[in-house]
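Student: Questions regarding the structure given below will be posed in turn.
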Amino acid sequence: MKILITGGAGQIAYSLIPLLLSGAIFTNIKIDLLLLDIEPCMDKLEGVKMEIEDSNFKFLNSLTITSDLKTAFSDIDLAILLGGFPRLPGMERKDLLEKNLEIFKVQGEALNNYAKKTVKVLVVANPVNTNCWIANHFSPSIPNENFTSYSYLDQERLSFLLQKEYNAPNQKNIVVWGNHSSTMVPDTSYCEKDIKLTSDNIQFIQNRGASVIEKRKLSSAMSAANGISKHLKKWYYGSNDEIVSFGVFSKGYYNFPEGIFISMPVKTHSEFSYNIVNNLKINDSTRALID
Ligand code: NAD
């Protein structure tokens, strides 16, 4: 599998690459890995390359580092788009919009011009749904369904909260609705155990990313890489009838505007396919939050 990671010299990539190349995501698949970063970061990327070589990863077939879009995007099967301007203390994700618009426009064009038409794209860089929309918009030759944006970390945060606060480990069918921002709506209505989230619980999930930044002075990276590995694994191998939350191209279900990217319940199948679960009954308080 030919996989591109943008922002290859960044901190999420540093946590994600070992998971990818040690077989923790794709089992028994040799990987041609391309790492893209901007020209000023090429020295740093060279250092990452040296560490990858020294790790002697079992599933690495070839490794390319580059700052050239054509080299990075040509014939790829999967693009993991981490590259962008990170959220710094005091910044809302929406503050990042302007900084990221240009990046995702040219990368969307590169997907359109150089990648396989079957390429699958996972956008992680914030503001994640907007960046995904921009990349998708500028690559009209690639199906909308091939793009997903990342809300899995919010789902994992909620899953841990259920374990810690409600003694309810391994709950399935957790849904995170809406935008990946302080207005996202975590929902446990479809879990096995009947759990009513308090407004404190909801705010905890909504603000968890900011809380990590406050302490680390950097945005989540280890947990982000971990969630990315789960998103990719579920997307490629299927969720086994479990509902998971992906940011996907809206078809208008649940009154979300058509054509935006938004976190919704999906069931994933094999080889990067999924369907949006479009028949859940949303309770009134959750609906109010979503609206
Ligand atoms: P980072 O700053 O450590 O790394 C980002 C890398 O992207 C840097 O090396 C930078 O040089 C590179 N980059 C910048 N512009 C680029 C371009 N045009 N092409 C290629 N590379 C480029 O940031 P990080 O901590 O690794 O986070 C990456 C992104 O993921 C950030 O946008 C962050 O906000 C986002 N994030 C999202 C979630 C989520 O749940 N959706 C969680 C954590 C972080």
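Student: Return the residues of segment 74-94 that are part of a helix (DSSP H, G or I) and within 11 Å of the ligand (Cβ to nearest atom); say none if nothing qualifies.
Tutor: In the first step, residues of segment 74-94 are kept if they are part of a helix (DSSP H, G or I); the result is 93-94.
Matches in segment 74-94: Arg93 only.
Student: Before we move on, is Ser199 within 23 Å of Cys132 (Cβ to Cβ), of a type in the set (S, T, N, Q) and either without any contact (Cβ under 8 Å) to a residue 60 or more places away in the chain or surrounded by 18 or more Cβ atoms within 10 Å (Cβ to Cβ) (or both)?
Tutor: Considered against the rule, which asks whether it is within 23 Å of Cys132 (Cβ to Cβ), of a type in the set (S, T, N, Q) and either without any contact (Cβ under 8 Å) to a residue 60 or more places away in the chain or surrounded by 18 or more Cβ atoms within 10 Å (Cβ to Cβ) (or both), Ser199 comes out as no.
Student: Residues that are within 12 Å of the ligand (Cβ to nearest atom), at least 1 per element: which strands (runs of 3 or more DSSP E) completely within segment 218-276 meet that?
Tutor: Values: elements: 244-249, 261-268, 274-276.
Where strands (runs of 3 or more DSSP E) fall fully within segment 218-276 and carry at least 1 residues being within 12 Å of the ligand (Cβ to nearest atom), they are 244-249, 261-268.
Student: From Lys117, Lys99, Lys172, which residue is over 17 Å from the mean Cα position of the chain (by Cα), assigned to a helix (DSSP H, G or I) and surrounded by fewer than 24 Cβ atoms within 10 Å (Cβ to Cβ)? Can you show your working first?
Tutor: Details: Lys117 fails: assigned to a helix (DSSP H, G or I); Lys172 fails: assigned to a helix (DSSP H, G or I).
Of Lys117, Lys99, Lys172, the one residue that is over 17 Å from the mean Cα position of the chain (by Cα), assigned to a helix (DSSP H, G or I) and surrounded by fewer than 24 Cβ atoms within 10 Å (Cβ to Cβ) is Lys99.
Student: Let me ask another. Cβ contacts < 9 Å: first residue closer than 23 Å to Ala110 by Cα and touching a residue at least 12 places away in the same chain (Cβ under 8 Å), restricted to segment 33-51; second residue of a type in the set (A, V, I, L, M) and exposed (fewer than 15 other Cβ atoms within 10 Å of the Cβ), any location; separation 6+ or different chain. Result?
Tutor: The qualifying pairs do not exist here.
Student: What pairs come up if the first residue lies in segment 139-151 and is in contact (Cβ under 8 Å) with a residue 40 or more places away in the chain, the second is assigned to a loop (DSSP other than H, G, I, E, B), and their beta carbons are under 6 Å apart, counting only those six or more places apart or on different chains?
Tutor: Listed by first residue and then by second, the contacts come to Tyr150/Val124; Ser151/His180.
Student: Here are the criteria: (1) of a type in the set (Phe, Trp, Tyr); (2) in contact with a helix residue (DSSP H, G or I) (Cβ under 9 Å, 6 or more places away or on another chain); (3) crowded, with 20+ Cβ neighbours inside 10 Å. Tell me which single one Tyr236 does not satisfy.
Tutor: Against the list (1) of a type in the set (Phe, Trp, Tyr); (2) in contact with a helix residue (DSSP H, G or I) (Cβ under 9 Å, 6 or more places away or on another chain); (3) crowded, with 20+ Cβ neighbours inside 10 Å, Tyr236 comes up short only on (2).
Student: For the list (1) away from the ligand (no atom under 13 Å from the Cβ); (2) touching a strand residue (DSSP E or B) at 6+ places or on another chain (Cβ under 9 Å); (3) more than 23 Å from Val123 (Cα to Cα); (4) not β-branched (Val, Ile, Thr), I need the number of the one condition that Lys49 fails.
Tutor: (3)
Student: Out of (1) among the basic types (Lys, Arg); (2) within 11 Å of the ligand (Cβ to nearest atom); (3) in a loop (DSSP other than H, G, I, E, B), the odd one out for Lys58 is which?
Tutor: It fails just one condition, (2).
Student: Output the residues belonging to segment 120-155 that are within 12 Å of the ligand (Cβ to nearest atom) and in a loop (DSSP other than H, G, I, E, B).
Tutor: Once the filter is applied, which keeps residues that are within 12 Å of the ligand (Cβ to nearest atom) and in a loop (DSSP other than H, G, I, E, B), segment 120-155 yields Val124, Ala125, Asn126, Pro127, Tyr150, Ser151.
Student: Looking at segment 95-107, which of its residues are touching a Pro at 6+ places or on another chain (Cβ under 9 Å) and more than 10 Å from the ligand (Cβ to nearest atom)? Reasoning before the result, please.
Tutor: First, the residues of segment 95-107 that are touching a Pro at 6+ places or on another chain (Cβ under 9 Å): 95-97, 100.
Scanning segment 95-107 gives Asp95, Leu97.
The numbers here are math on the coordinates, done by the rules we state, and not lab data. Remember, it's a predicted structure, so these values are computed and weren't measured experimentally. We place every Cβ from the backbone using ideal geometry, glycine too, and count neighbours over all the protein chains shown.
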